[in-house]
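Contents: one structure, followed by commentary.
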Amino acid sequence: MEDIDWNEVIAVMKKSQSIPRKYASFFQWHNREIMELGICKHLGDFLRNDGVDEVEAYKLGEDPPDCVITLNGIDIAVEITELVDKEAIKQQVKSGVAYPETLEWSSELLAERLNALLRKKDAPQNKDALREKYADYWLLVHTDEPELMAPEFDVLFDPSLLVSTDLIDQAYIVFSYDPTVQSYPVKRLF
């Protein structure tokens, strides 16, 4: 067993604690690449548990995409983005209150925010090159919104309100850890 450098572990933990954002921060990490690979792994776990063959490899992408997963020998591009109330983050950082006033989520607001993410991530500058390079291009949205966890999302989500995409073939959302199901719930958006 290799020796653990506890000073390095403590330094990493302190660096993570220094991130000023506390609101909806479950997935936040001081190293973005590690954060994105971790989020991507939750998608892989979901695919495996959903009966799809296991993801053979995870690697960083060229941004875009953020991550590439190899599934059944095929590289699939995965672009990762966050669904969060940005105004609540600003309020939290400014006031220091962990959970400030937040949005009241509705089906329409959820669709509006998801559609904004879909439009933005469906139009990268190198869209044609990405389509040529990868068999599929997926969007993975992560969220830790306190009022929008998996059960609330299921009530509010209406797939008929989502816009059509040109580049994005599939879209998923992953939620922060849910102790009642002892996992990170993932839902397929389309």
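The values are calculated or read from the model by the stated rules, or taken from the named source; none is laboratory data. Note that the structure is a prediction, hence the values are computed from the model and not measured. Because the Cβ atoms are built from the backbone with ideal geometry, glycine has one as well, and the counts that use them run over all protein chains shown. Accessible surface is based on the protein model in full, side chains and every heavy atom, while ligands, DNA and RNA are left aside. Shrake-Rupley method; radii C 1.70, N 1.55, O 1.52, S 1.80 Å.
Some points to look at:
- Candidates Ala88, Ala111, Ala116 - the one that is out of contact with any helix residue (DSSP H, G or I) (no Cβ under 6 Å at 6 or more places or on another chain), of a type in the set (Gly, Ala, Ser) and at pLDDT 95 or above: Ala116
- Residue selection: Arg48 fails the criterion of being surrounded by 12 or more Cβ atoms within 10 Å (Cβ to Cβ), part of a loop (DSSP other than H, G, I, E, B) and modelled with pLDDT under 90.
- Residue count for region 67-79 under the criterion of being crowded, with 16+ Cβ neighbours inside 10 Å and not aliphatic (A, V, I, L, M): the result is 3.
- Within region 154-177, residues that are closer than 21 Å to Glu79 by Cβ and at pLDDT 95 or above reach partners that are outside any loop (DSSP other than H, G, I, E, B) and open to solvent by 80 Å² or more (accessible area, probe 1.4 Å) with beta carbons closer than 6 Å, at six or more positions or on different chains, in the pairs Tyr172/Arg188.
- Checking each residue in region 113-152 for being acidic (Asp, Glu) and within 16 Å of the chain's Cα centre (by Cα) picks out Asp122, Asp144, Glu145.
- Matching residues in region 20-45 - criterion: being at pLDDT 90 or above and under 17 Å from Glu145 (Cα atoms): Ile39
- Residue in region 122-138 that is touching a helix residue (DSSP H, G or I) at 6+ places or on another chain (Cβ under 8 Å) and polar (S, T, N, Q) present: no
- Residue, farthest from Leu130 (Cα to Cα), within region 51-66, restricted to residues that are modelled with pLDDT of 90 or more and open to solvent by 90 Å² or more (accessible area, probe 1.4 Å): Lys59
- In region 123-138, the residues that are at positive phi never reach a residue that is assigned to a helix (DSSP H, G or I) and open to solvent by less than 60 Å² (accessible area, probe 1.4 Å) with C-beta atoms less than 7 angstrom apart, at least six apart or across chains.
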